[in-house]
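Trainee: Dropping a structure here in structure tokens format, bear with me for questions.
The values are calculated or read from the model by the stated rules, or taken from the named source; none is laboratory data. Source: prediction; values computed, not measured. Cβ coordinates were reconstructed from backbone atoms using ideal geometry, including for glycine residues, and neighbour counts include every protein chain displayed. The area values use the complete protein model at the heavy-atom level, side chains included, leaving out ligands, DNA and RNA. Shrake-Rupley method; radii C 1.70, N 1.55, O 1.52, S 1.80 Å.
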Amino acid sequence: MNQPCPLPRPRVGAHLLTLFCCCLFARAALAADGPTAVVEKLHGTLLTMMKDAATLGREGRVQTVAPVLERTFDFQTIGRVVTGRHWKGFAADTRERFVTTFAGLSAATYADNFDGYAGEIFTTLSEEVKKNAALVKTQIVKSDGKAVSLNYVLNQRDGKWRIVNVIADGVSDLALKRSEYGAVIAKEGIDALIAKLNAKIASYAAART
Amino acid sequence: MRGLLALGCIALLSGCASSNATRDPSDPWEGVNRPFYNFNDAIDRNFFTPIAKGYVKVTPQPVRSGVTKFFDNVSYLNVIANDLLQGKLGDFASDTGRFVVNSTVGVGGLFDPATGLGMPAHDEDLGQTIGKWGAGEGRYMVLPLMGPNSLRDLPNIGSAMALNPLTYLNPVVTIPLGAINAINARANLLEASNIRDQAALDPYTFVREAYRQQREFKIYDGNPPTDDIDDYIDQDEAESAADDAAVLKVY
């Protein structure tokens, strides 16, 4: 990205044009991270959060991770997939309410689970891109050498790569939630589901400070 | 005692038989599974979890690690046999070496020198073998006291038992060892059950889906095919059963 551009000597106009193109490319590269970069951005934030867990406190951890999740996760697509066939019937404001609540729950969950540091290391293993989908395989290695596999499915929308699914040790978060949420929506409706998710967020907040 | 237990089960079963919860077509035995799940959960919360927590408190980590390694090693013949059944000859050789080294140099399996010698642990069982041979999951089931299982994984209970040397020892030895194994195994799952308790809206469904996916993942030795990672993303609206299937296969 920072390599000097081969500039044709004689014409100043072409010179400037090339320079301009280089700037464009550099900007594009900055604006849209590739799948691995997106995952590593999330991991970087998680690591900071783990290391500063005590000083940040629970609320501080939520504040740290929430904006990063907004940038690294495609909550719109997640909301659609996780509610399955029910999504189609939701009004726009219901969809928005659900997606906002879901994002809040994600932040609360991350803040709760990454609440201390014991020498864990995040390692990226591979990246596989297929059209607008990508699979990034990573693992967390604990200080005792045990590794937990953490695979991310990403989706490219509007030129941006963002995470749509996390698969921890073979368990797909999206599929798990889809089963649970589908059952709740079918039985009690979407408003009951949103209420339950809000109750979860509240219980996280109450459990630890 | 056993009679009482059975009575308890039946009471739980009949108690829930009239429930009209929406049934998941992929889990036709839910009506029986759910009461068993609740039964196991009650025993777990009131009995095993407190004991496991106490055990963690009184035993230092290296001791628990040794106990885990001992029971992993003593059940390793099942892994070796299934390497062979799946035609994984390289793993078969390495796992046989692992078992010999850890049983001897590793003091009956309490230590794991084999990993350092290039013979890492593998995770195989008869359910994975049957899956590898192409069989589907079969019906999901929750067994009393033993927890999640499926028709495909059921035969492994037999093979694991038959290939575990402890099975053939005097009950005076095997019963206390079995108890230690159960407590230690439960202690190793404390973190997982915490996550379940925090995250699950319906713990029964949560455990079922987690079990299914993890089994699938293990059949592929952690590398499931990725041909369809993009299947669901291209669709604007989720609508069909095909879309459902695609998402549940996403890894």
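Trainee: If you go through segment B:159-175, how many residues are open to solvent by 40 Å² or more (accessible area, probe 1.4 Å) and in contact (Cβ under 8 Å) with a residue 12 or more places away in the chain? Break it down stepwise before answering.
Mentor: Of all residues in segment B:159-175, those open to solvent by 40 Å² or more (accessible area, probe 1.4 Å) come to B:161-163, B:165, B:167-173, B:175.
Imposing the further condition that a residue be in contact (Cβ under 8 Å) with a residue 12 or more places away in the chain reduces the set to B:163, B:165.
The total comes to 2.
Trainee: Taking A:N113, is it open to solvent by 40 Å² or more (accessible area, probe 1.4 Å), at the interface with chain B (Cβ under 8 Å from one of its Cβ atoms) and closer than 28 Å to B:L201 by Cα?
Mentor: Yes.
Trainee: Among the numbered criteria (1) open to solvent by 20 Å² or more (accessible area, probe 1.4 Å); (2) within 15 Å of A:N198 (Cβ to Cβ); (3) within 14 Å of chain B (Cβ to nearest Cβ), which single criterion is violated by A:E96?
Mentor: Looking at each condition in turn, A:E96 falls short on (3).
Trainee: If a residue has to be more than 9 Å from chain B (Cβ to nearest Cβ), buried (at least 22 other Cβ atoms within 10 Å of the Cβ) and without any contact (Cβ under 8 Å) to a residue 60 or more places away in the chain to count, how many in segment A:155-172 make the cut?
Mentor: Qualifying residue count, segment A:155-172: 0.
Trainee: Taking the residues in segment A:116-130 that are closer than 20 Å to A:F73 by Cβ and not acidic (D, E) as candidates, determine which candidate is nearest to the other protein chains (Cβ to nearest Cβ).
Mentor: Once the filter is applied, the top-ranked residue is A:K130.
Trainee: Now, a different point. Taking A:V62 as the residue in question, decide whether it is touching a residue at least 24 places away in the same chain (Cβ under 8 Å), in a helix (DSSP H, G or I) and within 13 Å of another protein chain (Cβ to nearest Cβ).
Mentor: For A:V62, the condition - touching a residue at least 24 places away in the same chain (Cβ under 8 Å), in a helix (DSSP H, G or I) and within 13 Å of another protein chain (Cβ to nearest Cβ) - is not met.
Trainee: While we're here: In segment B:45-76, which residues are surrounded by fewer than 19 Cβ atoms within 10 Å (Cβ to Cβ), free of Cβ contacts under 8 Å to residues at least 40 places away in the same chain and either more than 18 Å from B:N194 (Cβ to Cβ) or not aromatic (F, W, Y) (or both)?
Mentor: Across segment B:45-76, the qualifying residues are B:R45, B:N46, B:P50, B:G54, B:K57, B:V58, B:T59, B:P60, B:Q61, B:P62, B:V63, B:S65.
Trainee: Of all residues in segment A:173-194, which are away from chain B (no Cβ under 11 Å) and either out of contact with any Ser or Thr (no Cβ under 9 Å at 6 or more places or on another chain) or β-branched (V, I, T) (or both)?
Mentor: Step one: filter segment A:173-194 for residues away from chain B (no Cβ under 11 Å), giving A:189-191, A:194.
Of everything in segment A:173-194, those that are away from chain B (no Cβ under 11 Å) and either out of contact with any Ser or Thr (no Cβ under 9 Å at 6 or more places or on another chain) or β-branched (V, I, T) (or both) turn out to be A:G189, A:I190, A:I194.
Trainee: Being within 14 Å of another protein chain (Cβ to nearest Cβ) and β-branched (V, I, T) is the filter here, so list the residues in segment B:165-202 that pass it.
Mentor: B:I195, the sole residue that qualifies.
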